[in-house]
Amino acid sequence: MIESLFILLVILAFMLMVLAVAQESKIYAMMSVVVWIIVFAQSLWIEVPGCDDGYTEYGFSALSTMFIFAMIVYALVLQFDWRRYLK
């Protein structure tokens, strides 16, 4: 994937993650998971514009995997909101 599009996808995924936490939204959380999965898949081969070269970014793969699991857990917490059963 082209490097500039990769950076935009990382920013979009992070913004969706922040929106999911701020508004306690399952929709934003799942959209963030999908975009983080795309970032994970695309981080395996990043093309640099202007060059015929590309590289593999293992750091973003690990970071996106962490965010994928965190957002899935957060979406499950929102789905099974235990606060409503404790009243």
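When G59 is tested against the conditions (1) surrounded by 12 or more Cβ atoms within 10 Å (Cβ to Cβ); (2) out of contact with any Ser or Thr (no Cβ under 7 Å at 6 or more places or on another chain), the lone failure is (1). Scanning region 1-13 for residues that are in a helix (DSSP H, G or I) and more than 14 Å from F69 (Cα to Cα) yields E3, S4, L5, F6, I7, L8, L9, V10, I11, L12.
For I37, are the conditions met, namely being under 19 Å from L12 (Cβ atoms) and in contact with a Gly (Cβ under 8 Å, 6 or more places away or on another chain)? No: the conditions fail for I37. Residues of region 56-87 that are assigned to a loop (DSSP other than H, G, I, E, B), under 23 Å from L19 (Cα atoms) and touching a Leu at 6+ places or on another chain (Cβ under 8 Å): none at all. Checked against (1) closer than 20 Å to V77 by Cα; (2) without any contact (Cβ under 8 Å) to a residue 12 or more places away in the chain, G54 passes all but a single condition, namely (1).
Within region 28-55, track down each residue that is buried (at least 20 other Cβ atoms within 10 Å of the Cβ) and assigned to a loop (DSSP other than H, G, I, E, B). Scanning region 28-55 gives a single hit, S43.
Only the coordinates and a few stated rules stand behind these numbers; no lab work does. What you see is a predicted model, and the numbers here were worked out from it, not measured in a lab. FYI the Cβ positions are ideal-geometry reconstructions off the backbone, even for glycines, and counts take in every protein chain you see.
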